[in-house]
Amino acid sequence: MGRSEGEDESWCIFETPSPGLSNAGQTCYLDIAPKPQVSVSSGWYASEVTVELLPQTAEDLIVRYTTNGDQPSTQSPAFPPNGLVLEETSSLTLKAWSANNDLLPSEIQDEIFIVDEFTPDLPTFSIFTDDHHLWDWNTGIYVFGPNAEDEYPHFGSNFWQPWSRPSRLMFFDETGTIQARETFDLEIHGGWSRAEPQRSFRLDFKNEYSGDFEWPLFSASPEVASFNNFNLRNGGQHSWATKFQDGLISTLANETHNFASAWQPAHLYLNGAYWGLYAAREKTDEHFIADHFGTDKDEVDLVGPFAVLSGSDAELYAAASLIQSTPTSSPSFFSTFAERFDVENYMDYFIFETYIQNTDWMGIAWGLNNVKTFRAGPEHPWRYLLYDTDASFGFFGASIWNNFIDYARNPGYPNIHSNLFDRVLNNTEFRLRFINRYADLVNTVFQPTEFNPRAAEAKNLIDDAMDHHIQRWDSPGSVATWLNAINAMTSHNSNRIGTSRQHLMDSFNLPESHECTLDAFPPTAGHVRINTIEPGPLPWEGVYFEQCPIEIEAISADGWMFDRWDVNSHVESGDMDAYLKTNEVALHSNDLYRARFEPCPEDATASISEAASGLEVVTTNVPYVDSIAWHLDGTWVGNGLTWWPSVGGSYMAVLYFDGCVAQTEPLFTDGMGIELAENSAPLIAPNPASERIWVSMDRPGSLEVFNALGQSVCTRTAFAQTNGLEMQIDVSQWPEGIYFMHSGPFVQKFIVRH
């Protein structure tokens with residue numbers, strides 16, 4: 001805004017700012033013309049639609065329009081006074097000018113009318129952009145341009161340039177309701193799939209335009225409802241095959257400890273033309289990480305295969321260097337690794353990539369590619385980000401017999417990631433965990449009984465859209481070709497089960513595999529955990545390995561408690577205790593592990609008594625106690641075997657043992673006049689332990705350790721040392737299993753393994 005030359009009173013709006021200079025020669029506009037409004041809403045119509053201007057738009061305004069995405073100019077046709085009849089699908093871009101030239105031209109208004117076409121049940125994006133942004137031979141982002149190479153993927157083409165063009169967007173949800181209108185920067189996205197006729201797009205939403213895209217685009221992560229950017233992906237190298245392999249793998253991966261972008265299939269219209277089926281995907285950058293971990297994007301360290309993408313890689317290389325220099329046989333090796341990397345994420349990432357046999361990864365077939373690692377912030381561990389798995393399940397020629405565990409340890413192009421992977425697998429603790437977790441995932445996620453229905457879900461989601469997509473692009477060539485590609489993917493997975501197990505045995509010199517059958521009786525009384533999974537329905541069968549002990553645990557349903565394991569060959573051989581809920585079992589044969597449960601005792605009672613140590617619980621017919629929750633005047637105040645009533649009131653204790661509960665009658669006390677000091681739970685290390693544990697406490701106090709049967713096995717009192725309150729407990733002679741350390745209101749679980 002400013003004043004016209006020679007004017008001291010009135011204000012004007014000018015098209016071009018001229019700070020510090022005269023506004024002479026510029027038109028003085030009194031206001032901005034309102035955006036044109038039309039009589040019908042954008043959307044789907046069974047037959048021709050007549051579009052008219054609303055009266056408040058037409059008065060004293062000249063409205064001009066285009067139907068190719070261009071911003072209207074004074075040379076564009078004027079909107080017909082009797083309306084515009086659209087007999088086929090068309091975009092419509094409108095702009096208003098003042099007939100008296102006293103108003104600044106309006107903002108653009110985009111609409112799309114989809115006439116006599118299918119009505120989708122997927123979200124739909126409609127992109128509007130000036131025609132030359134796409135198709136100009138020298139500057140258009142979609143075309144080959146003057147510098148394209150002849151051979152695929154046509155490096156040098158315009159679509160390989162990092163160009164972006166201002167564009168506009170309308171977004172419809174799966175019901176056809178308009179949920180967003182945005183202005184953004186449009187780019188071509190992808191690797192070699194840029195060379196496909198249907199190219200992928202990147203949408204960057206910036207504050208200089210309309211800001212973030214505001215809508216929960218991905219049902220898998222509804223908590224993320226604001227996006228700085230995302231991609232519309234053509235299916236990558238699967239654009240002519242399944243269209244969804246990478247989306248399916250990412251969806252399955254996100255149900256483990258992996259981290260991958262969500263997948264949402266959608267339709268796209270480009271300047272009014274149907275542009276086919278796409279998949280909205282979160283762009284795997286610092287915004288994506290910050291959104292999911294609740295951190296600041298400026299704190300994210302994100303390292304790609306070729307360069308630092310955000311923050312720094314200094315701490316990554318420092319961590320890798322320390323791990324490489326620590327002997328793998330050192331007792332501190334695993335903790336050194338676990339303090340710097342998310343172990344669960346690390347294992348699941350390498351399990352997924354090696355199981356699916358991703359050829360375009362880890363420098364296996366060519367240079368390092370498709371590897372990203374990140375820290376969500378300085379206090380976070382390093383994690384891996386799984387993405388671009390198009391070249392998996394044999395799609396780039398990998399045989400089910402190719403051992404990708406060995407390939408990832410010793411790729412054709414060694415790198416920091418392959419070197420580190422090879423290193424950690426030489427540590428016994430990590431290796432055993434890795435093998436068991438690999439077996440867990442092969443026995444669940446990748447089993448055809450689980451994998452095939454998930455593939456069918458993805459197929460069914462886009463089934464109705466594929467006819468229309470194929471008519472537009474002839475890629476895949478037919479619905480039959482598409483179905484064959486899906487069948488090839490699921491068949492490769494089915495055939496991969498056996499070879500993946502063989503590769504584990506080959507890579508780690510495992511002598512034999514064994515079938516483990518899990519069951520429970522009565523069937524509804526509980527279930528069984530094996531290693532990291534709680535599979536079902538029971539009975540359930542999985543394959544595990546000799547020289548890699550499994551951990552099984554009987555888990556009671558509410559109202560039931562563990563009784564015993566049925567006698568099997570491992571009980572008979574002494575490798576399993578039939579009366580321990582949790583066992584670590586060294587396998588030597590196929591076996592059935594059936595947990596038996598019994599109803600909770602009806603005559604179990606508990607009452608509170610006052611003692612010198614505070615409030616205690618006295619029980620009858622309670623075989624053991626897992627934990628005790630203390631309540632004051634109906635509000636939970638903490639857990640512990642005893643409780644110090646520093647505040648007067650009505651105290652009640654709730655005892656938990658397996659799936660059973662016993663509750664005391666309330667006991668009123670006026671308090672014992674001693675305020676509880678603020679304290680933290682004891683710290684136990686290492687966990688699991690084999691020889692001894694160190695227990696650190698921040699204040700003097702006693703502790704008691706119970707085994708899984710609720711039997712007290714150790715009682716100690718912390719004592720002061722120069723480095724704080726700590727003690728050492730020898731566990732070398734303790735039976736393997738789970739133990740519970742009680743200290744004040746805290747209960748800490750730890751594991752003893754030999």
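Each reported figure results from applying straightforward, stated rules to the coordinates on display, with no laboratory input. Because the structure is a prediction, the values reported are computed rather than measured. FYI the Cβ positions are ideal-geometry reconstructions off the backbone, even for glycines, and counts take in every protein chain you see.
Things worth noting here:
- Grouping the Cα pair distances of region 266-329 into 10 Å bins from zero gives a pair-distance distribution of 17, 28, 23, 21, 7, 4, 0 percent in increasing distance order.
- Set of lysines with alpha-carbon distance to residue 749 below 29 Å, sequence-local pairs under 8 removed: 581
- Helices in the chain, meaning DSSP H runs of at least 4 residues, each add -39500 (n - 2.57). Divided by all residues, the mean residue ellipticity at 222 nm is -6000 deg cm²/dmol.
- Residues with amide H under 5 Å from that of residue 40, placed H, sequence gap 5 or more: 52
- Between helix 428-442 and the chain there is an angle of about 60 degrees, using the helix long axis and the longest principal axis of the Cα atoms.
- Sorted by Cβ neighbour density within 10 Å, fewest at the top, the residues 633, 342: 633, 342
- 0 to 90° range, to nearest 10: angle between helix 343-355 axis and the chain longest Cα axis: 70
- Our coupling estimate for region 239-255, obtained by passing each phi through the Karplus curve with A = 6.51, B = -1.76, C = 1.60 and θ = phi - 60°, is 4, 9, 10, 6, 6, 9, 4, 5, x, 5, 4, 5, 4, 5, 4, 5, 8 Hz, Gly and Pro reported as x.
- Rg ratio (alpha-carbon, reference 2.2 N^0.38 Å) - region 605-669: 1.01
- A simple count of charges around residue 450, restricted to other residues whose Cβ falls under 13 Å of its Cβ and scoring Lys, Arg +1 and Asp, Glu -1, yields -2.
- Taking amide H atoms as placed 1.01 Å from N in the peptide plane, the amide H of residue 520 lies under 5 Å from those of 595, each 5 or more residues away in sequence or on another chain.
- Here the residues 618, 528, ranked from fewest to most Cβ neighbours within 10 Å of their Cβ, fall in the order 618, 528.
- All-pairs alpha carbon distance profile, region 301-363, 5 Å steps from 0, percent: 4, 15, 17, 22, 24, 15, 4, 0
- Of all lysines in the structure, those lying under 29 Å Cα to Cα from residue 283, and not within fewer than 8 positions of it along the same chain, are 206, 243, 297, 372, 459.
- Per-selection metrics, region 33-115 (Cα): Rg and Dmax in Å: 12.2, 41
- Cα-Cα pairs of region 294-444 separated by more than 24 Å (percent): 32
- Principal axis dimensions, largest first and in whole angstrom, of region 513-599 by Cα: 37, 24, 17
- For residue 262, distant residues with modelled amide H under 5 Å away: 282
- Square roots of five times the Cα gyration tensor eigenvalues for the chain, Å: 60, 34, 26
- Whole-Hz Karplus values for region 135-147 come out as 10, 4, 4, 9, 10, x, 7, 9, 9, 5, x, x, 10 Hz, taken residue by residue from phi with 6.51 cos²θ - 1.76 cosθ + 1.60 and θ = phi - 60°; glycine and proline positions read x.
- Taking a straight Cα-Cα cut-off under 17 Å and skipping sequence neighbours fewer than 8 places away in the same chain, the aspartates and glutamates within cross-link reach of residue 95 are 15, 31, 52, 59, 60, 70, 107, 110, 111, 130, 131, 182.
- In units of the rule-of-thumb radius 2.2 N^0.38 Å, region 151-193 shows an alpha carbon radius of gyration of 1.62.
- Within-13-Å neighbourhood charge of residue 572 [Cβ basis; K, R +1; D, E -1]: -4
- In units of the compact-protein estimate 2.2 N^0.38 Å, region 415-514 shows a Cα radius of gyration of 1.50.
- For region 587-602, 3J(HN,Hα) per residue [Karplus equation, 6.51 cos²θ - 1.76 cosθ + 1.60, θ = phi - 60°, Hz, x = Gly/Pro]: 6, 9, 6, 4, 7, 9, 10, 10, 8, 9, 10, 10, x, 4, x, 6
- Cα-derived Rg over Rh, computed across region 223-348 with Rh taken as Kirkwood radius: 1.07
- Taking other C-beta atoms within 10 angstrom as a stand-in for reagent exposure, 533, 62 fall in the order 62, 533, fewest first.
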